[in-house]
1. In the chain, what percentage of the DSSP-assigned beta bridges are antiparallel, given to the nearest 5?
2. Checking the cross-link filter: which aspartates and glutamates have an alpha carbon closer than 15 Å to that of K116, excluding same-chain neighbours under 8 positions apart?
3. Once the cut-off is 21 Å, how many percent of the Cα-Cα pairs in region 1-85 end up in the long-distance tail?
4. Treating the angle as unsigned and between 0 and 90°, give the value, to the nearest 10°, between the Cα long axis of helix 41-53 and the longest Cα principal axis of the chain.
5. DSSP loop GluC sites (Glu not before Pro) in region 69-161 with at most 16 other Cβ atoms within 10 Å of their Cβ, which ones?
6. Which lysines, if any, have their Cα less than 20 Å from the Cα of K16, not counting same-chain residues under 8 positions apart?
7. With bins 5 Å wide starting at 0, give me the P(r) of region 3-158 over every alpha carbon pair, in whole percents.
8. Just add up the charged neighbours of N30: K/R +1, D/E -1, any other residue whose Cβ is under 15 Å from the Cβ of N30.
Amino acid sequence: MRFRIGNGFDSHRFIKDKKFILGGVEIIYNKGLDAHSDGDALIHAIIDCLLGASNSADIGELFPPNDISLKNINSETLLSQVLDLINKKNYEIINIDCIIICEEPKLKEYKPLMIKNLSKILKIKEEQINIKTKTAEKMGALGRKEGLAVFTTCLLNNTDF
Ligand code: ZN
């Protein structure tokens, strides 16, 4: 099969006294995302969809949460490794579409920065990445600002065909 789509999802809880990093960009806020790594849910969800579309392992198998070498690791490093992995299987990225659900802070103004950064890591054009930011309309845990969630979809092209 030449074209393959993949879906990704990730969510993390907000905690105090941690930097808030999303898409490799530091967001100004009084909390960060709780995780073994830097908690970059956008990058984690992108990794998840790339692995899915390329029929590879999932993020937990590839980077186990109990692996000490991954503690506080910069998720950009993981994303670069996943790009290498899909490139080795002869997949190239056609596009990635992302939805970030976050009540607070407002992330809209960070979108150009995140897209620029992600396109650099993934070696694709900015037009190949789209990010949409939404709130949960004050419903549930996301609505109570307990954390954020990210959904992603990507389309890959296998150059073997
Ligand atoms: Zn994550």
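Quick note: the coordinates plus some simple rules give every number you see, no bench work behind them. Treat the numbers as computed from the prediction; the structure is a model and nothing was measured. Cβ placement follows ideal geometry from the backbone for every residue including glycine, while neighbour counts extend to all protein chains displayed.
1. Numbers: 27 of 33 bridges.
DSSP beta bridges in the chain are roughly 80 percent antiparallel.
2. Leaving aside aspartates and glutamates fewer than 8 places away in the same chain, those within reach of K116 are E26, E76, D97, E126, E127.
3. Numbers: 1026 of 3570 pairs.
Looking at region 1-85, the distances longer than 21 Å represent 29 percent of pairs.
4. 30
5. On the way: sites: E76, E92, E103, E109, E126, E127, E137, E146; in loops: E103, E137, E146.
For GluC sites (Glu not before Pro) across region 69-161 that sit outside H, G, I, E and B with at most 16 neighbouring Cβ atoms in 10 Å, the list reads E137, E146.
6. K31, K71, K106, K145
7. Over region 3-158, the share of Cα pairs per 5 Å bin runs 2, 10, 20, 24, 20, 14, 8, 2, 0 percent.
8. Working: positive: R13, K16, K18, K19, K31, K106, K145; negative: D17, E26, D34, E103, E104, E146.
Overall, the nearby charge balance is +1.
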